[in-house]
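One structure, pasted below without further comment.
Just so it is clear, none of the values below were taken in a lab; they were calculated from the coordinates. From a predicted model like this one, the values you see are computed outputs, not experimental measurements. Neighbour counts are summed over all protein chains in view; Cβ atoms, including those assigned to glycine, are modelled from backbone coordinates with ideal geometry.
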Amino acid sequence: MIESLLARAPRFANWVYGFTPPERGTVVLVHRRVYIVPTRLGWLFGATLVILLIGSINYALSLGFVLTFLLAGMGLAGMVHTARNLARIAVSAGRAEPVYAGESAQFRLYLDGRAAFERPAILARHLRSGAQLVVDIAPGALAEVVLAVPASSRGWLALGRVMLETRFPLGLFRAWSYIEPDARCLVYPRPERSPLPPYTAEAASGAMRSPTPGNDDFAGLRGYQLSDSPRHVAWKAVARSGDMLTKQFTGEAAAQLWLDWALLGAALGVEQRLSRLAGWALAADRAGTLYGLRLPGVEIAPGRGDAHRGACLQALALFQEPGK
Amino acid sequence: MSVALSAHPFAPEARLVSTRDVAWLIGSLLIVIAPHATRAPWWLTLLTLCLFGWRFYFSLNRAPLPSKWLVLGVAMVAMLGVWIEYRTIFGRQPGILLLMLFAGLKLLETRSHRDAAAAAFLGYFLIVTNFLYTQTIPTAALMGVAVFAISATLVGLAAPQRTSPSNLRTAGLLLAHAAPAALALFLLFPRVQGPLWGLPQDAYTGMTGLSETMSPGTLSSLAQSDAIAFRAEFEGEAPLQRLRYWRGPLMWDFDGRTWTIGSSFLVNFEPPKGGRQTHRYAVVLEPHNRHWLFALETAASLPERARMSFDGQIVATSLVRSRLRYELVSVIAPDPDTAEDPGTLRRALRVPPGYNPRAVALAAEWREASRTDEEVVERAIGFLRQGRYVYTLEPPLLGRHGVDEFLFETRAGFCEHYASAFAFLMRAAGVPARVVTGYQGGALNAFDNIITVRQSDAHAWTEVFLRSRGWVRIDPTAAAVPRRVEAGLSRAVPEAELRALMRPELEWLRGMRDQWEALAHKWNVWVLDYNPERQRDLLGSLGMRDADWRTLTAALFTVLGLMTLALLAWSLRRIKRPDPVQRAWRAFCLKLAARGVERSPHEGPRDYAARAARALPAARRAILRIGSLYIGLRYGAQASAAGIARLRRMVRELRLT
């Protein structure tokens with residue numbers, strides 16, 4: 001009930017949680033942001049104390065009083081220790097590598113203990129997905145938390161709210177704090193495996209500018225570059241000389257594959273068209289051909305290599321149909 | 001790094017206990033039940049240990065735990081066994097023993113962390129059951145170890161990845177932090193005098209002490225015990241050993257074998273007048289489950305919650321069931337009080353007919369030959385003094401005419417024989433007499449100047465009523481065996497009859513015992529006897545007179561609040577504070593951001609300051625100066641305190657219009 005209330009009144013929620021999301025840079029868990037309540041075990045402990053107290057009064061047991069009060073003091077000290085376990089941790093978000101829709105985004109959080117004591121058993125829990133991890137922060141050290149958040153659709157995936165919780169040392173109290181770091185992960189469209197666009201007359205629109213593939217003239221060998229496709233490596237020559245060599249074709253400069261939005265019928269729907277384009281981009285990348293991408297309002301000149309593939313996929317991930 | 005799960009990993013009901021947790025739990029429960037094992041029937045101890053061992057075996061082999069029905073079956077059999085042993089399962093002793101067994105059964109169904117924590121709480125509860133039997137320093141020390149172990153177990157449950165030594169350290173730190181709060185609660189928590197409800201019938205068995213009757217053998221068997229009866233602390237000089245007569249219950253009625261208190265009634269207390277010497281002292285009385293209190297000679301004051309009986313005996317208004325401290329003033333040899341009720345005097349002359357004819361004849365003979373009662377008493381003392389009587393802890397058995405046999409045949413007895421015979425002789429001779437039981441002597445502890453009176457100091461003597469002097473103490477034992485009163489029991493009785501510690505040659509051992517007892521006495525007074533009255537006294541001495549529970553609660557919460565604040569301060573002490581330069585810079589960025597110049601994450605301080613200066617030309621100079629000052633402090637060779645202060649002041653005074 002409270003959750004839904006907070007969801008409907010975000011400003012109130014920000015006041016309750018003590019911050020306005022998303023939070024840039026390093027977030028320090030100051031006291032204002034750390035909440036603490038007894039756990040169910042804590043209430044059971046309290047009930048035990050009440051029984052001990054009544055027994056001590058009834059039987060006039062001085063040592064019973066001593067025990068009861070010692071345990072009560074321990075509960076109080078335990079509360080402070082639990083709050084301390086979370087107090088003033090500095091949280092910063094790391095880079096999240098782009099993923100394809102349907103995979104899990106790996107968000108990295110760094111918890112800096114900033115203290116001369118250890119902070120054991122700290123739970124980081126991603127509220128939306130339930131992804132969670134328990135870490136110990138050694139004295140003066142930094143702990144890395146990797147939260148695997150499922151990425152269901154393309155675009156930017158914001159991390160959202162993360163809860164840090166601890167019940168150390170006695171399990172009688174639960175201290176927790178919410179953070180919402182400014183961390184996001186790029187989600188590419190889910191690539192659809194399908195053959196590359198056929199080299200047909202459709203290419204008149206410019207998808208394929210070379211005559212026919214495979215008829216390129218062999219022009220010679222050059223040194224291997226990391227971005228070269230393995231299919232173009234001159235394996236026979238490599239076996240002879242031991243150096244990595246790549247075959248060069250005269251027609252290659254012209255052999256440009258255009259991955260065009262217009263090649264795909266509107267019946268497919270936007271997401272599926274993007275998926276197919278992503279699949280083509282990957283296939284073309286594997287094949288080592290030069291390829292360019294054409295979307296309504298976006299055109300990426302033909303190229304090859306990891307950076308080019310990333311640019312194409314990013315364009316697909318962030319594509320917005322014009323006029324919508 | 002563990003795999004992320006969807007269930008809450010801290011939910012205690014979802015986490016299974018590890019072998020280490022089980023071992024810790026079993027170990028700490030073993031410490032708790034160790035003292036109970038000595039009181040339990042052997043089979044119950046064995047069964048509990050088997051249950052512990054069984055659980056550990058399951059844990060080692062990762063076997064599934066036994067079924068609920070098997071556990072229930074074991075519980076039923078054990079309860080039947082306890083019932084056969086005690087004929088009940090609801091008394092204190094059987095109840096506690098069953099609880100000890102249930103700790104073993106609880107372990108057998110301990111799967112999750114929650115079960116383990118509940119078993120640990122049961123362990124805390126079992127600790128307190130030990131205190132029902134004994135609250136001595138060794139018990140307290142052992143149970144302190146148990147608290148430590150159970151707390152370390154709880155820490156282990158909360159932090160499974162840590163090593164046991166670090167969990168022990170954490171538990172120690174927690175207990176150390178708990179100690180001040182525990183002390184405050186102990187001193188200030190509003191105390192209520194128990195009990196809140198009726199206690200089991202067997203709650204007060206096993207207390208030793210004098211009883212309402214005295215027959216041959218009563219005191220000599222009591223004197224075998226060196227349990228402490230009470231301790232007395234005198235203001236100033238303590239009286240000499242031979243003058244230390246601690247009066248207890250008075251015996252009025254004699255049936256030929258046994259003396260009894262008989263009927264008694266309370267009177268208004270009137271302090272005696274005159275007296276040679278007064279003693280002020282405090283008595284810490286061990287519980288004896290009776291009403292009477294002990295006083296040196298004639299009491300000249302009455303403790304709180306005590307009354308005076310018609311025969312000068314101080315009685316508490318309730319049974320003494322916990323250690324009781326009271327303060328008294330006693331007078332040695334006050335002015336004689338010769339007024340006595342005739343009915344009482346008649347009662348003090350009554351002898352059972354048909355008993356002890358030889359003693360009756362001897363008494364008649366003395367009566368004939370004497371003109372006054374004093375003379376009769378003197379003749380009787382002379383008779384005992386010259387009779388070569390033997391003082392022994394193991395007197396021969398006596399038949400129907402016990403007084404006759406003791407006086408004329410066996411001539412060996414303990415103080416009850418002397419007192420009984422003398423009182424009988426006096427009554428037969430027409431002198432009113434009564435028997436007083438109590439303690440004589442007591443050892444002065446050189447370490448704390450406190451007199452410790454033990455059950456072995458139990459004594460019986462007589463008081464006779466003389467018209468000119470009132471009730472006068474006559475100790476027939478002192479007449480027959482002077483050493484008993486001069487030097488104590490151990491010098492008067494043949495050595496072979498004494499227990500090891502009572503023997504005179506073991507002085508060094510007794511010295512050690514004296515030291516230990518001085519400590520134990522402090523423990524009793526300051527820890528065990530801290531009750532509502534002592535609380536009131538303590539607060540009174542701190543200037544809080546007539547503190548009621550509201551004042552106490554307020555004081556308590558104040559102290560606890562201050563302690564929590566101190567703990568909080570401690571908890572943040574070892575955490576790095578943000579660098580003051582950084583804080584000032586952050587405040588600066590916030591101020592600029594409020595005017596729409598937000599720093600982007602990649603922007604360095606120089607570029608940011610330049611951009612902000614362009615955007616806000618009115619404050620251009622100040623912004624640029626702050627920027628260069630920050631760069632100097634943050635990345636320069638040294639940061640001076642003056643520079644930091646200047647930066648903070650400039651940021652504070654920065655006005656952006």
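Relative contact order for region A:14-158 using alpha-carbon pairs under 8 Å, separation at least 6, rounded to a whole percent?
It rounds to 20 percent for region A:14-158.
Hey, can you list the DSSP H helices of chain B whose Cα span along the axis is 20 Å or longer and whose average Kyte-Doolittle score is at least -0.5?
Details: long enough: B:19-39 (30 Å, 0.85); B:42-61 (28 Å, 0.95); B:68-86 (27 Å, 1.52); B:92-108 (24 Å, 1.37); B:113-131 (28 Å, 0.87); B:137-158 (32 Å, 2.00); B:164-188 (35 Å, 1.15); B:507-523 (24 Å, -1.18); B:549-573 (35 Å, 1.27); B:580-594 (21 Å, 0.36); B:620-635 (22 Å, 0.28).
Membrane-span-like by this rule: B:19-39, B:42-61, B:68-86, B:92-108, B:113-131, B:137-158, B:164-188, B:549-573, B:580-594, B:620-635.
Show me the ranking of peptides A:66-77, B:507-518 by mean Cβ neighbours inside 10 Å, starting with the highest. Mind showing how you got there, number by number?
Details: A:66-77: 24.5, B:507-518: 14.2.
By packing density, highest mean first, the sequence is A:66-77, B:507-518.
Another one. With contacts defined as alpha carbon pairs under 8 Å and 6 or more residues apart, what's the relative contact order of chain B in percent?
Working: 911 pairs, mean separation 77.7, N = 657.
In percent, rounded to a whole number, it is 12.
Same structure, new question: Set the Förster distance to 60 Å, then compute FRET efficiency between residue B:562 and residue B:339 from the Cβ-Cβ distance, nearest 0.05. Mind showing how you got there, number by number?
On the way: r = 61 Å, r/R0 = 1.02.
Computed FRET efficiency for residue B:562 and residue B:339: 0.45.
Cα centroids of region B:208-286 and region B:67-102: how far apart, whole angstrom?
Value for the Cα centre distance between the two parts: 43 Å.
Moving on to the next point. Determine one quarter of the surface area of the Cα convex hull of region B:357-447, which equals its mean projected area, and express it in nm² to one decimal. All intermediate terms of the calculation are to be shown ahead of the outcome.
On the way: hull surface 30.1 nm².
Orientation-averaged projected area of the Cα hull: 7.5 nm².
Now a separate question. What does the average come to when, for each residue of peptide B:116-122, you count the partner chain Cβ atoms lying within 10 Å of its Cβ?
On the way: counts 0, 8, 4, 0, 5, 9, 1.
Mean shielding count: 4.
As I understand it, the dipole of region B:499-590 uses +1 on the Cβ of Lys and Arg and -1 on the Cβ of Asp and Glu, about the Cα centre. Which of B:511, B:585, B:551 lies farthest toward its positive end?
Looking along the dipole axis, the top candidate is B:585.
Across peptide A:83-93, how many C-beta atoms of other chains are within 10 Å of each residue C-beta, on average? Let's see the in-between values first.
Numbers: counts 4, 8, 3, 0, 4, 6, 1, 3, 0, 0, 0.
Neighbouring Cβ atoms belonging to other protein chains average 3 per residue here.
Report the calculated FRET efficiency for residue B:449 and residue B:169 (r = Cβ-Cβ distance, R0 = 41 Å), to the nearest 0.05. List each step's numbers first, then the result.
Details: r = 42 Å, r/R0 = 1.03.
Calculated transfer efficiency: 0.45.
Okay, moving on. Need one value for B:148-156: mean number of C-beta atoms belonging to other chains within 10 Å of its residues' C-beta atoms. Show your work: numbers first, answer last.
Details: counts 0, 0, 1, 6, 1, 0, 8, 7, 1.
Per residue, the number of nearby Cβ atoms from other chains is 3 on average.
I'd like to compare B:452-461, B:24-33, A:294-303, B:277-286: which one has the highest average count of other Cβ atoms within 10 Å, and what's the full order after that? Write down the numbers at each step before the final one.
On the way: B:452-461: 25.0, B:24-33: 23.2, A:294-303: 15.4, B:277-286: 18.1.
Answer by packing, highest mean first, reads B:452-461, B:24-33, B:277-286, A:294-303.
Moving on. Between residue B:88 and residue B:111, what FRET efficiency follows from the Cβ-Cβ distance if R0 is 35 Å, with the result rounded to 0.05? Spell out each step's value before the answer.
Details: r = 33 Å, r/R0 = 0.95.
For R0 = 35 Å, the calculated efficiency reads 0.60.
Now for a separate question. Would you please give the residues with an amide H less than 5 Å from that of residue B:229, counting only those at least 5 places away or on a separate chain, with H modeled from the backbone geometry?
Result for residue B:229 returns B:453, B:454, B:455.
Relative to the compact globular guide of 2.2 N^0.38 Å, what is the alpha carbon radius of gyration of chain B, as a ratio? Write down the numbers at each step before the final one.
Numbers: Rg = 37.9 Å, N = 657, 2.2 N^0.38 = 25.9 Å.
This ratio for chain B stands at 1.47.
Amide H to amide H under 5 Å from residue B:292: which residues, 5+ apart in sequence or cross-chain, H placed 1.01 Å off N in plane?
Distant-sequence amide H within range of residue B:292: B:316.
Moving to a separate point now. In what sequence, highest mean first, do B:76-86, B:342-352 appear when ranked by Cβ atoms within 10 angstrom? Display every interim value, and only then the final one.
On the way: B:76-86: 15.0, B:342-352: 13.4.
Listed from highest to lowest mean packing, they are B:76-86, B:342-352.
Which value, in nm² and rounded to one decimal, describes the direction-averaged projected area of the C-alpha convex hull of the protein assembly as shown? The partial results should precede the final answer.
Values: hull surface 259.6 nm².
Dividing the Cα hull surface by four gives the mean projection, 64.9 nm².
Once both labels are modelled 7 Å past Cα along the beta-carbon direction, what's the residue A:320-residue B:625 spacing in nm?
Label-label distance for residue A:320 and residue B:625, simple model: 4.5 nm.
From the backbone phi of region A:311-321, what are the Karplus-calculated ³J(HN,Hα) couplings (6.51 cos²θ - 1.76 cosθ + 1.60, θ = phi - 60°) in whole Hz, Gly and Pro given as x?
Rounded to whole hertz, the list is 5, 5, 5, 5, 4, 5, 5, 9, 4, 10, 4.
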